[in-house]
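The values are calculated or read from the model by the stated rules, or taken from the named source; none is laboratory data. Note that the coordinates shown come from a computational prediction; the quantities given were computed from them, not determined experimentally. Here the Cβ positions follow ideal geometry from the backbone for every residue, glycine too, while neighbour counts run over all protein chains shown. Accessible surface is based on the protein model in full, side chains and every heavy atom, while ligands, DNA and RNA are left aside. Shrake-Rupley method; radii C 1.70, N 1.55, O 1.52, S 1.80 Å.
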Amino acid sequence: MKALIINEDSFVAEELNFILKEKNIETINYSWLLKAMDNIEEIQPDIIIINASEYPRHWKILAQYIKSEIVGKKILFFLYTPYAFSDIELKKAEALAVDCIFSSFDSFETEKLFKTIHEFRDDFIIDSKKEHSFSRAFSDNGYSDNGYSEENEDEIFSVDMLLNNNKDNEVPAKGYYILTNPLTGQFVSGKYLEYDGKKITCQIDNPEDFEGIEKNTSIKYVTYSNQFECKSFSATVNDYLEFPNEKFVILNICNMYEEE
């Protein structure tokens, strides 16, 4: 088996590599989440472990991506949380079918980790679409709200306000998006500012990411994430908005993908 570890903490990396290699699990380490996402197809991991404390928003986008049809295979998704999750975050993890949460490297936590891996090995041959057993990995975890502080949700701005926004001030985002470029297959991510269920307005950090993508172009997979939800849909390009120092793309939402 092969495990992809996404983490910036050298101690965490050392511990994870040690315990996984003891079980003959190959490890590949990334400290840059988006680069890791870009290489998932090439790496073909069986397990992904991400340090949720370092990526409090992006782990949700990655989880949604992993359980989508884009990946084409079943992958175990684990969260390492040195700080306890709040009930809200636990519910998000459950909704996103996270396979296991662990908070340390003691025998109890690692046993929980490897129990999930062992069951995955058995289940994969029998039924690759078997429902995630979320409860087994979260029972008796002892998590509480203590020691964990949630990020404050960014203030919501409308596109119209951009016209009057000081160009030197960063526009706060409503949340984050990630999509697959239909021409290159590469991942593009950034902040989104408006979402009304029919359209979503996304900030473009690198114009080259959208080069060649004209109006009415279909985009099969788009995922957005905020403090409350993480959803995927197909879309078409409605229009582009350009300002002196910023560029945005407005997407028409076509079909929402139902969570399994």
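Observations
- What separates the Cα centres of the range 52-112 and the range 180-238 is a distance of 24 Å.
- Förster-model FRET efficiency, 25 Å R0, Asn238 and Gln186, C-beta, rounded to 0.05: 0.70
- Heavy atoms of Ile43: accessible area, 1.4 Å probe, square angstrom to 10: 20
- Ordered by solvent-accessible area of protein heavy atoms (1.4 Å probe), largest first, the residues Glu229, Glu26, Glu109, Glu246 come out as Glu26, Glu229, Glu246, Glu109.
- Heavy-atom accessible area for Asp87, with the other protein chains in place and a 1.4 Å probe, reaches approximately 90 Å².
- For Ile28 and Asn255, the FRET efficiency from 1/(1 + (r/R0)^6), where r spans their Cβ atoms and R0 equals 22 Å, is about 0.05.
- Exposure check, 1.4 Å probe, all protein chains in place: Ser10 carries approximately 90 Å² of accessible surface.
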